[in-house]
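Please read the structure below before turning to the comments.
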Amino acid sequence: MNIRHIEPEDCKAILEVASNWWGSNYSSDMFSKWYIQHFRDTCLLAEENGRMIGFIMGFLSQSKSDEAYIRIVMIDSVYLGKGVGRALYEEFFKCVGVKGRNVVRCVTAPRKKDSVAFHTRMGFVIEPQKQEFEGLPVCVDYDGRDGVRVVFKKVL
Ligand SMILES: CC(C)(COP(=O)(O)OP(=O)(O)OC[C@H]1O[C@@H](n2cnc3c(N)ncnc32)[C@H](O)[C@@H]1OP(=O)(O)O)[C@@H](O)C(=O)NCCC(=O)NCCS
């Protein structure tokens, strides 16, 4: 497996695979060339034999000078459970660490138990919240659009 930074030219391919991997229509402004042009340092792609098998996209927080944020991670379903997620996260931690960030945050939906288990295994702690969903602390209206999310934090 090879891990490299995402380039603007990769955006079309990412857009094509994202919906397949996600299982439903999935698009994001982050799959745009302009995003990669400005956030390349924190966007990584995993390949095997030249084929994309996973990617991670995040950013360095402008408002919290010690923090980085992971916005999207997706792995080809054929490669789930084979260490691709760990490799991408560890490289992301390195990339943001050299930029002086020592806290990484990300969120997931509480129904995504695999994602909760993965993040816990990767050393993230679930931030306490006032509300719970199926036994997990959740932030209600996390995104201002009714999104209920488990909020993770990892200190590098
Ligand atoms: C969550 C996701 C990124 C995990 O990636 P992955 O490549 O399958 O994970 P890895 O194989 O690298 O696993 C890393 C560690 O987490 C553990 N882990 C992964 N999934 C797990 C699960 N469902 N239950 C328990 N542990 C799990 C692995 O055992 C491994 O532990 P180890 O390295 O200490 O042995 C992947 O499942 C995914 O892309 N899911 C769909 C999209 C998604 O949910 N994204 C996150 C929310 S936006």
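Being within 8 Å of the ligand (Cβ to nearest atom) and either closer than 21 Å to Trp22 by Cβ or assigned by TED's automatic domain parsing to the domain that holds Val17 (or both) narrows it down to one residue among Val96, Val78, Val73, Val148; which is it? Break it down into steps so the answer makes sense when it comes.
Numbers: Val96 fails: within 8 Å of the ligand (Cβ to nearest atom); Val78 fails: within 8 Å of the ligand (Cβ to nearest atom); Val148 fails: within 8 Å of the ligand (Cβ to nearest atom).
That would be Val73, the only listed residue that is within 8 Å of the ligand (Cβ to nearest atom) and either closer than 21 Å to Trp22 by Cβ or assigned by TED's automatic domain parsing to the domain that holds Val17 (or both).
Considering only residues that are over 11 Å from the mean Cα position of the chain (by Cα) and closer than 19 Å to Glu16 by Cβ, which ones fall in segment 42-70?
The answer is Leu45, Ala46, Glu47, Glu48, Asn49, Gly50, Arg51, Met52, Ile53.
For segment 108-119, enumerate the residues that are open to solvent by 40 Å² or more (accessible area, probe 1.4 Å), within 8 Å of the ligand (Cβ to nearest atom) and of a type outside the set (Gly, Ala, Ser). Working first, answer last.
First, pick out the residues of segment 108-119 that are open to solvent by 40 Å² or more (accessible area, probe 1.4 Å): 111-114, 117-118.
Next cut, within 8 Å of the ligand (Cβ to nearest atom) only: 112-114, 117-118.
Of everything in segment 108-119, those that are open to solvent by 40 Å² or more (accessible area, probe 1.4 Å), within 8 Å of the ligand (Cβ to nearest atom) and of a type outside the set (Gly, Ala, Ser) turn out to be Lys112, Lys113, Asp114, Phe118.
Take the residues in segment 16-40 that are among the small types (Gly, Ala, Ser) and within 14 Å of Ile53 (Cα to Cα); name whichever of them is most open to solvent (accessible area, probe 1.4 Å).
Ser19
How many of the residues making up segment 44-68 are closer than 25 Å to Val98 by Cα, of a type outside the set (S, T, N, Q) and open to solvent by 40 Å² or more (accessible area, probe 1.4 Å)?
4
Keeping to segment 82-102, report how many residues are open to solvent by 90 Å² or more (accessible area, probe 1.4 Å) and out of contact with any strand residue (DSSP E or B) (no Cβ under 7 Å at 6 or more places or on another chain).
Filtering segment 82-102 down to residues open to solvent by 90 Å² or more (accessible area, probe 1.4 Å) leaves 82, 86, 94, 98-99.
Checking the rest, the ones that are also out of contact with any strand residue (DSSP E or B) (no Cβ under 7 Å at 6 or more places or on another chain) come to 82, 86, 94, 98.
Residues flagged as open to solvent by 90 Å² or more (accessible area, probe 1.4 Å) and out of contact with any strand residue (DSSP E or B) (no Cβ under 7 Å at 6 or more places or on another chain) within segment 82-102 amount to 4.
Pairs under 7 Å by beta carbon, first residue without any contact (Cβ under 8 Å) to a residue 60 or more places away in the chain in segment 6-32, partner among the basic types (Lys, Arg) and open to solvent by 30 Å² or more (accessible area, probe 1.4 Å), six or more apart or different chains?
Ile6/Arg40; Pro8/Lys33; Cys11/Lys33; Met30/Arg71
Looking only at segment 81-93, which residues are within 11 Å of the chain's Cα centre (by Cα) and either modelled with pLDDT under 95 or more than 8 Å from the ligand (Cβ to nearest atom) (or both)?
Phe92
The values are calculated or read from the model by the stated rules, or taken from the named source; none is laboratory data. Predicted model, so just to flag it, every value in this text is computed and none were measured. Counting neighbours? That spans all protein chains shown, and the Cβs are built from the backbone with ideal geometry, glycine included. Surface areas here come from the heavy atoms of the whole protein model, side chains and all, with no ligands, DNA or RNA. Shrake-Rupley method; radii C 1.70, N 1.55, O 1.52, S 1.80 Å.
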